[in-house]
Amino acid sequence: MTPHNHAKQGDYADAVLLPGDPLRAKWIAETFLDDPILVNSVRNCLGYTGTWKGKSVSVQATGMGQPSLAIYVHELINTYGLKTLIRVGTCGGLNAKVKVRDLILAQAASTDSAIVRDRFGPYNFAPMADFGLLRAAAEKAEAAGMRYHAGNMLSSDIFYHADGFAGYDKLPDHGVIGVEMEAAALYTLAARFGVKALTICTMTDCLITHEEIDANERQTSLREMVTLALDVAVES
């Protein structure tokens, strides 16, 4: 147990999905998992364990942003011994070729966060996904006919950028295709502790074209992402 998690040893599976929103964790557990059991509710950051296709898997909410995610990920790895962590969430698009409802597999995660920058002194550390998880996700997405893009994601600590899209202007020119708020911290912690991590996001609003999907469509569009993440998680 920790100050943020009252799950007991053995309550979590080796692999976990990490949505930011606690209600999305609840929705994933109740919609996709067989026999889900609530294992954590501290601060309403809900965690569940159940089965997917007969194999044990967990879901744990992390809250929004890298500082919050870093707490839960650190504890899941070091207190509970988890080995495979897959973030599932939504993101904004920074490339007009990425359409709403498309999946982004974050091959790497650039960031403006001091959490990553201040750890490495003169070095610019490059947070990256586990290649095995990335390859499995890409192969499964392609086999299922899902529209997906694998590339560089921006993990930003700023949701309402003072300069709007201009605040990101150099990034699309260097291949960054989406923006969210957690992947870089996840990848950095996974690298530090020698575990596997991947971020899969559904693109729900494009910062270039301003195309977006409403709340009802957003929930439906997440089904492909969650199914893909669960398939990768239980085979990792």
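The values are calculated or read from the model by the stated rules, or taken from the named source; none is laboratory data. Quantities reported herein were computed from a predicted structural model and do not represent experimental measurements. Reconstructed Cβ throughout: ideal geometry from the backbone, glycine too, with neighbour counts over all protein chains shown.
What to note about this one:
- Candidate set: segment 121-164, residues that are of a type in the set (Phe, Trp, Tyr) and surrounded by fewer than 14 Cβ atoms within 10 Å (Cβ to Cβ); chosen: the one farthest from the chain's Cα centre (by Cα): 123
- Matching residues in segment 202-222 - criterion: being surrounded by 13 or more Cβ atoms within 10 Å (Cβ to Cβ) and either of a type outside the set (Val, Ile, Thr) or free of Cβ contacts under 8 Å to residues at least 24 places away in the same chain (or both): 203, 205, 206, 207, 211, 212, 217, 218, 219, 221, 222
- Residue list for segment 20-53, filter: part of a strand (DSSP E or B) and modelled with pLDDT under 95: none
- Residue that is surrounded by the fewest Cβ atoms within 10 Å (Cβ to Cβ), among those in segment 69-104 that are small (Gly, Ala, Ser) and closer than 20 Å to residue 178 by Cβ: 96
- Looking across segment 141-199 at every residue that is modelled with pLDDT under 95 and among the hydrophobic types (A, V, I, L, M, F, W, C), the one that is farthest from residue 108 (Cα to Cα) is identified as 162.
- Long-range neighbours under 7 Å by Cβ, at least six apart or interchain, first residue buried (at least 16 other Cβ atoms within 10 Å of the Cβ) within segment 1-25, second part of a helix (DSSP H, G or I) and of a type in the set (S, T, N, Q): 22/44
- One residue from 162, 144 being touching a residue at least 60 places away in the same chain (Cβ under 8 Å) and small (Gly, Ala, Ser): 144
- Test: residue in segment 54-61 that is surrounded by fewer than 19 Cβ atoms within 10 Å (Cβ to Cβ), in a strand (DSSP E or B) and touching a residue at least 40 places away in the same chain (Cβ under 8 Å): yes
- Conditions (1) touching a strand residue (DSSP E or B) at 6+ places or on another chain (Cβ under 9 Å); (2) assigned to a loop (DSSP other than H, G, I, E, B); (3) not acidic (Asp, Glu); number of the one not met by residue 9: (1)
- Subset tally (residues that are in contact with a His (Cβ under 9 Å, 6 or more places away or on another chain) and part of a helix (DSSP H, G or I)) for segment 193-236: 1
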